[in-house]
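Let me begin by presenting the structure, written as structure tokens, before commenting on it.
The values are calculated or read from the model by the stated rules, or taken from the named source; none is laboratory data. Here the structure is a predicted model, which means the values were calculated and not measured. A quick note on method: Cβ atoms are made from the backbone with ideal geometry, for glycine too, and the neighbour counts reach across all protein chains shown. Calculation scope for accessible area: heavy atoms of the full protein, side chains included, ligands and nucleic acids excluded. Shrake-Rupley method; radii C 1.70, N 1.55, O 1.52, S 1.80 Å.
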Amino acid sequence: AQSVTQLDSHVSVSEGTPVLLRCNYSSSYSPSLFWYVQHPNKGLQLLLKYTSAATLVKGINGFEAEFKKSETSFHLTKPSAHMSDAAEYFCVVLMDTGRRALTFGSGTRLQVQP
Amino acid sequence: SQTIHQWPATLVQPVGSPLSLECTVEGTSNPNLYWYRQAAGRGLQLLFYSVGIGQISSEVPQNLSASRPQDRQFILSSKKLLLSDSGFYLCAWSLAAETQYFGPGTRLLVL
């Protein structure tokens with residue numbers, strides 16, 4: 001069975017400082033992993049995805065994530081936070097090939113202080 | 001390019017009333033379609049998914065139902081709403097590439 005754990009429910013950073021949102025996954029086979037962002041009262045926007053190509057994945061808005069199989073991690077990073085990055089971030093694993101359904105982490109709320 | 005629409009954007013309904021939320025996708029054919037619910041302060045829960053017209057799979061037993069009358073139309077319904085049905089409902093689509101793309105959502109408040 002697949003599962004995903006986001007280690008921090010809230011993260012607060014100052015504008016211009018690095019962002020690290022942590023995610024660990026559990027999967028019985030090589031997973032597909034995603035990060036989505038949700039701004040208040042909005043739908044989910046895909047930031048980036050990993051599908052067994054390069055382990056370092058670059059996404060939109062300067063975000064990137066590194067797939068580390070040995071650590072079963074897929075942490076999301078950004079070198080310099082912007083006020084507009086304040087949102088909820090979800091780490092997601094593709095559940096199984098039959099249903100093509102996603103399993104979501106519980107989310108990390110990112111606050112960016114001026 | 002593909003776009004996904006949901007309406008209404010916001011809905012306030014009394015307990016016991018019926019519900020119909022609509023989702024349509026443009027710019028693609030034969031998509032997989034999904035309904036998720038996001039309760040306040042919680043993650044997303046998959047409610048239904050569909051791999052084709054008339055083909056609906058339910059993930060959780062509840063008083064909601066889904067239908068897919070056309071290839072790019074997905075409808076979420078209820079005959080009698082409960083207070084616990086309040087939440088943010090998101091529709092998503094995908095193709096074989098796995099990535100799911102989400103609509104803007106419908107916020108439902110049941111009073």
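Yes or no, residue by residue, for (1) touching a Leu at 6+ places or on another chain (Cβ under 7 Å); (2) surrounded by 17 or more Cβ atoms within 10 Å (Cβ to Cβ); (3) small (Gly, Ala, Ser):
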| site | (1), (2), (3) |
| --- | --- |
| B:1 | no, no, yes |
| B:26 | no, no, no |
| B:54 | no, no, yes |
| B:57 | no, no, yes |
| B:68 | yes, yes, no |
| B:72 | no, yes, no |
| B:93 | yes, yes, no |
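Under the condition of being facing chain B (nearest Cβ under 7 Å) and within 11 Å of the chain's Cα centre (by Cα), which residue from the stretch A:35-53 is surrounded by the fewest Cβ atoms within 10 Å (Cβ to Cβ)?
Checked the stretch A:35-53; the qualifying residue surrounded by the fewest Cβ atoms within 10 Å (Cβ to Cβ) is A:46.
Look through B:81, B:108, B:76 and report the one residue that is part of a loop (DSSP other than H, G, I, E, B), of a type outside the set (Val, Ile, Thr) and open to solvent by less than 40 Å² (accessible area, probe 1.4 Å). Let's see the steps before the verdict.
Values: B:108 fails: part of a loop (DSSP other than H, G, I, E, B); B:76 fails: part of a loop (DSSP other than H, G, I, E, B).
None of the others qualify; the one that does is B:81.
Within the stretch B:43-64, track down each residue that is more than 23 Å from residue A:36 (Cα to Cα), part of a strand (DSSP E or B) and touching a residue at least 12 places away in the same chain (Cβ under 8 Å).
Correct list: B:52, B:55, B:56, B:64.
Here's a check for you: in the stretch A:1-34, which residue that is in contact with a Leu (Cβ under 9 Å, 6 or more places away or on another chain) and assigned to a loop (DSSP other than H, G, I, E, B) is surrounded by the most Cβ atoms within 10 Å (Cβ to Cβ)?
The qualifying residue surrounded by the most Cβ atoms within 10 Å (Cβ to Cβ) is A:31.
Spot the failing condition for residue A:66; the list is (1) outside any strand (DSSP E or B); (2) charged (D, E, K, R); (3) over 30 Å from residue B:23 (Cβ atoms), and only one is missed.
Residue A:66 satisfies all of (1) outside any strand (DSSP E or B); (2) charged (D, E, K, R); (3) over 30 Å from residue B:23 (Cβ atoms) except (1).
For the stretch A:54-90, give me the residue count where each residue is of a type in the set (D, E, K, R) and either within 12 Å of chain B (Cβ to nearest Cβ) or loosely packed, with under 14 Cβ neighbours inside 10 Å (or both). First the steps, then the outcome.
The initial filter retains those residues of the stretch A:54-90 that are of a type in the set (D, E, K, R), namely A:58, A:64, A:66, A:68-69, A:71, A:78, A:85, A:88.
After this cut, where a residue has to be either within 12 Å of chain B (Cβ to nearest Cβ) or loosely packed, with under 14 Cβ neighbours inside 10 Å (or both) as well, the list is A:58, A:68-69, A:71, A:88.
Residues that pass the stated criteria total 5.
Would you confirm whether any residue within the stretch B:82-89 is hydrophobic (A, V, I, L, M, F, W, C), out of contact with any helix residue (DSSP H, G or I) (no Cβ under 8 Å at 6 or more places or on another chain), in contact (Cβ under 8 Å) with a residue 24 or more places away in the chain and away from chain A (no Cβ under 14 Å)?
Taking every residue of the stretch B:82-89 in turn, at least one turns out to be hydrophobic (A, V, I, L, M, F, W, C), out of contact with any helix residue (DSSP H, G or I) (no Cβ under 8 Å at 6 or more places or on another chain), in contact (Cβ under 8 Å) with a residue 24 or more places away in the chain and away from chain A (no Cβ under 14 Å).
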